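What follows is one structure encoded as structure tokens, with my remarks underneath.
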Amino acid sequence: MDNLARERQRSAMFVALLLFNLVLVLMQLWLFASVLEELLKGRAEMAVPASLASIVLFAVNLWMLRGIVREK
């Protein structure tokens, strides 16, 4: 019974990580759309900060993936 509870806990944690990952990916898409809209208006000031934020979000995604792979 202990193994069943542990597997359920792992499944719940995996689903939580997937949902958090989805939020991070949606944030990256929002950043991309915002920067593209600004570039089409002729303003490029937002490109560098948005790309840095996107790199940070990507690094968080990689960190979570590393934790998942290491756990198995």
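Bear in mind these aren't lab numbers, they're just calculated from the coordinates by the rules spelled out. Everything numeric in this text was worked out from a predicted model, so none of it was measured. Methodologically, a virtual Cβ is constructed for each residue, glycine included, from the backbone with ideal geometry; neighbour enumeration extends over all protein chains shown.
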Fill in the blank from the handout: In Å, the Kirkwood estimate of hydrodynamic radius for the chain over Cα pairs equals 14.2 Å
Problem - 0 to 90° range, to nearest 10: angle between helix 2-40 axis and the chain longest Cα axis - result: 0 degrees
Problem - Charge dipole of the range 25-72 about the Cα centre (unit charges at C-beta), most positive-ward option of LEU65, SER51, LEU36 - result: LEU65
Fill in the blank from the handout: For the chain, the longest principal axis of the Cα atoms and the Cα long axis of helix 47-71 enclose an angle in degrees, to the nearest 10, of 10 degrees
